[in-house]
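Enquirer: The structure follows.
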Amino acid sequence: MDKRAKYILSMTMSVVLILFLYILAHETGHMIVMLSAGAVIDDFSIIGAHVSSHGGEYTPVSAMWMHANGAFLPVVVSLIYMLFYKKDSQNLIYKVFSLFVAIVPFSSLLAWVIIPFVYMGGQAPAGDDVTKFLDVFTQYAHPLAVSAGTVILIAIGVLTAVKKQIFGNYYREIRNLRAELVQDSKEKNSEKQSI
């Protein structure tokens, strides 16, 4: 298998795996708080990206945490993964997968930065985790505190990925792949000219 095909395969495998793992962590995050509030889980689906329950006694804090933990648990898992990242690994699939582990959970936090601004204008998406969180949170604090805290969390993730060389290793892999493809192209052209 040539390097280009191996790269495409590793990208495809990584995307499928990270989406599965992200949804699993997201829904598990919600479920953990539901169970801690004494709720009974009715349905848990990774394919449908859904968890539902009935019952339970929620305080304002546990209600906020239930909506936030769907985003927070994948971020915690991502940070732990990044802390154990092996920067000297030469495995292409590992490098590509690690890039997605670093990007996907923190990218999902962008909603937690943007929606508080929309919420203040009365246009927040109904039923969204961020909106439900803000419905309770704004009784105690300004919605932009959520945006500010989320920006700090995203910065921690980006700095961790940079320090552990996750972005740098991926960039070097892409640069090497391009160089190899250019070299292969030159060799093929010279073979055609010599014929």
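Enquirer: Mind listing P(r) for segment 3-189? All alpha-carbon pairs, 5 Å bins, whole percents.
Expert: Reading the bins upward from 0: 1, 8, 13, 16, 16, 14, 11, 8, 6, 4, 2, 1, 1, 0, 0.
Enquirer: Mind sorting MET120, MET64 by how few other Cβ atoms lie within 10 Å of their own Cβ, fewest first?
Expert: Ordered from fewest to most neighbouring Cβ atoms within 10 Å, MET120, MET64 come out as MET120, MET64.
Enquirer: What are the ³J(HN,Hα) couplings of segment 98-107, residue after residue, when phi is run through the Karplus curve with 6.51, -1.76, 1.60 and θ = phi - 60°? Round to Hz, x for glycine and proline.
Expert: Listing the rounded values in order: 4, 4, 5, 4, 6, 8, 4, x, 6, 5 Hz.
Enquirer: Kirkwood Rh, segment 27-111, all Cα pairs: how many Å?
Expert: 14.5 Å
Enquirer: Shifting gears a bit: Per DSSP H run of n ≥ 4, the term is -39500 (n - 2.57); total these for the chain, divide by its residue number, and report the mean residue ellipticity at 222 nm rounded to 500 deg cm²/dmol.
Expert: So the helix-based figure for the chain works out to -25500 deg cm²/dmol.
Enquirer: Hand me the chymotrypsin sites (Phe, Trp or Tyr not before Pro) from segment 106-174 located in a DSSP loop with no more than 10 other Cβ atoms within 10 Å, in residue order please.
Expert: TYR140
Enquirer: Then there's this: Where in the chain is the longest stretch that carries no trypsin sites (Lys or Arg not before Pro) classed as loop by DSSP and with at most 16 other Cβ atoms within 10 Å?
Expert: The answer is 88-195.
Enquirer: Distance between Cα centroids, segment 34-93 to segment 130-153: provide it in whole Å.
Expert: 18 Å
Enquirer: Calculate the radius of gyration of the Cα atoms of segment 99-195 to one decimal place, then report Dmax, the largest Cα-Cα distance, as a whole number, both in Å.
Expert: Rg and Dmax of segment 99-195, Cα atoms, are 22.6, 78 Å.
Enquirer: Give me HIS54, HIS67 sorted ascending by neighbouring Cβ count inside 10 Å, so fewest comes first.
Expert: HIS54, HIS67
Enquirer: State to the nearest 20 debye the size of the charge dipole of segment 3-189 about its Cα centre, where the only charges are +1 on K and R beta carbons and -1 on D and E beta carbons.
Expert: That gives segment 3-189 a dipole magnitude of about 1240 debye.
The numbers here are math on the coordinates, done by the rules we state, and not lab data. Keep in mind it's a predicted model, so treat the numbers as computed, not measured. Cβ atoms come from the backbone with ideal geometry, glycine included; neighbour counts cover every protein chain shown.
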